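**Q** If you scroll down you'll find the structure; I have some questions about it.
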């Protein structure tokens, strides 16, 4: 998953990458020309079109930034980092270039370099709200909660009504185990800005941990504010499933796959619910769909095998259990399934 949802990522490690001292015009020309010549044709029309444009305007930072973003979106992290670094060299006054470069480093498991880029950005743009929020997020990802909250304090001094800042406070408190202050911060965040979907989701999750029925109200608010937000729909579906509202949960998972037919966990979770309801054919169908979009989904092989075993199709069930074991040799449930079927056979 790409950077962007701070509730879903925790990475470790930090260091600083220095981008200063890279503004020599001669160095820019050499770097840009070398990068363009080395790339060649990729087969991606959008990327190749930008490469052609760069060959004609090698000093246009926006072209490198656009191409870097395309590489990033296609998991070409080395190329993305190269292009976005060049964009920063050519035009160091664009905060978005730093943000994209940091994202590329982070998703490439280079969290120290990512943090370094954001620290450089915050020094260049000390009053830019997006930069400060992103730096706070990166400190959070690296579990440097004190530093993260220092940045938020800095932001709130210039904008005391910034809901995203209070959301970041909430995330830091939540990750630190202080649920009371986390709830207070998330409530303040959505009070200031009701469109902060992750604020509603986190409130729902924290109240669900308390077994407080108010949780559903918060999940409802999340899906009302953003009816097509897959994270919000998934969080609400999980809550409903845990509370035994199985048909409602299946309905929400159905909404998710309409929005994103490749979202394997929606099929998988629906399969688990159908299995729990003893609707074995429906469960098998959902696990089939899971494996169609995600052929390496180990648990889907196991549970499809279980649904087939319960339908009396031992040979097919055994094949699924064995496939799960080939992918995860220590999968105890799959081992037990194989042993059970061999004893029965």
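The values are calculated or read from the model by the stated rules, or taken from the named source; none is laboratory data. Since this is a predicted model, take the numbers as computed values, not measurements. Backbone-built Cβ (ideal geometry, glycine too); neighbour counts: all protein chains shown.
**Q** Which numbered condition in (1) free of Cβ contacts under 8 Å to residues at least 60 places away in the same chain; (2) in a helix (DSSP H, G or I); (3) within 23 Å of the chain's Cα centre (by Cα) is the only one that residue 49 fails?
**A** Just one mismatch for residue 49, condition (3).
**Q** Same structure again: Of all residues in region 135-150, how many are buried (at least 23 other Cβ atoms within 10 Å of the Cβ) and within 12 Å of residue 119 (Cβ to Cβ)?
**A** Number of matching residues: 4.
**Q** Ok, one more. If a residue must be outside any helix (DSSP H, G or I) and in contact (Cβ under 8 Å) with a residue 24 or more places away in the chain, how many such residues does region 309-328 contain? Show your work before the answer.
**A** Of region 309-328, the ones outside any helix (DSSP H, G or I) are 311-313, 328.
When the remaining residues are screened for being in contact (Cβ under 8 Å) with a residue 24 or more places away in the chain, the result is 311, 328.
Going through region 309-328 one residue at a time, the tally reaches 2.
**Q** Let me ask another. Just wondering, is there one or more residues in region 37-51 that are surrounded by 14 or more Cβ atoms within 10 Å (Cβ to Cβ), closer than 30 Å to residue 182 by Cα and either at pLDDT 95 or above or touching a strand residue (DSSP E or B) at 6+ places or on another chain (Cβ under 6 Å) (or both)?
**A** Scanning region 37-51, I find no residue that is surrounded by 14 or more Cβ atoms within 10 Å (Cβ to Cβ), closer than 30 Å to residue 182 by Cα and either at pLDDT 95 or above or touching a strand residue (DSSP E or B) at 6+ places or on another chain (Cβ under 6 Å) (or both), so the answer is no.
**Q** Scan region 69-82 and give yes if some residue there is under 24 Å from residue 123 (Cα atoms) and either in contact (Cβ under 8 Å) with a residue 40 or more places away in the chain or not in a helix (DSSP H, G or I) (or both), otherwise no.
**A** Within region 69-82 (the criterion being under 24 Å from residue 123 (Cα atoms) and either in contact (Cβ under 8 Å) with a residue 40 or more places away in the chain or not in a helix (DSSP H, G or I) (or both)), the answer is yes, since at least one residue qualifies.
**Q** Within region 86-113, how many residues are crowded, with 21+ Cβ neighbours inside 10 Å and under 12 Å from residue 62 (Cα atoms)?
**A** The number of residues fulfilling the criteria is 5.
**Q** With the checklist (1) over 19 Å from the mean Cα position of the chain (by Cα); (2) farther than 30 Å from residue 162 by Cβ; (3) surrounded by fewer than 14 Cβ atoms within 10 Å (Cβ to Cβ) in hand, flag the one item residue 224 doesn't pass.
**A** (2)
**Q** Being surrounded by 20 or more Cβ atoms within 10 Å (Cβ to Cβ) and modelled with pLDDT of 95 or more is the requirement here; does residue 249 meet it? Reasoning before the result, please.
**A** Numbers: surrounded by 20 or more Cβ atoms within 10 Å (Cβ to Cβ): yes; modelled with pLDDT of 95 or more: yes.
When the stated conditions are applied, residue 249 passes them.
**Q** So residue 212 clears everything in (1) buried (at least 19 other Cβ atoms within 10 Å of the Cβ); (2) outside any helix (DSSP H, G or I) except one condition, right? Which one?
**A** (1)
**Q** Look at region 286-322 and say how many of its residues are farther than 12 Å from residue 341 by Cα and out of contact with any helix residue (DSSP H, G or I) (no Cβ under 8 Å at 6 or more places or on another chain).
**A** Residues that pass the stated criteria total 2.
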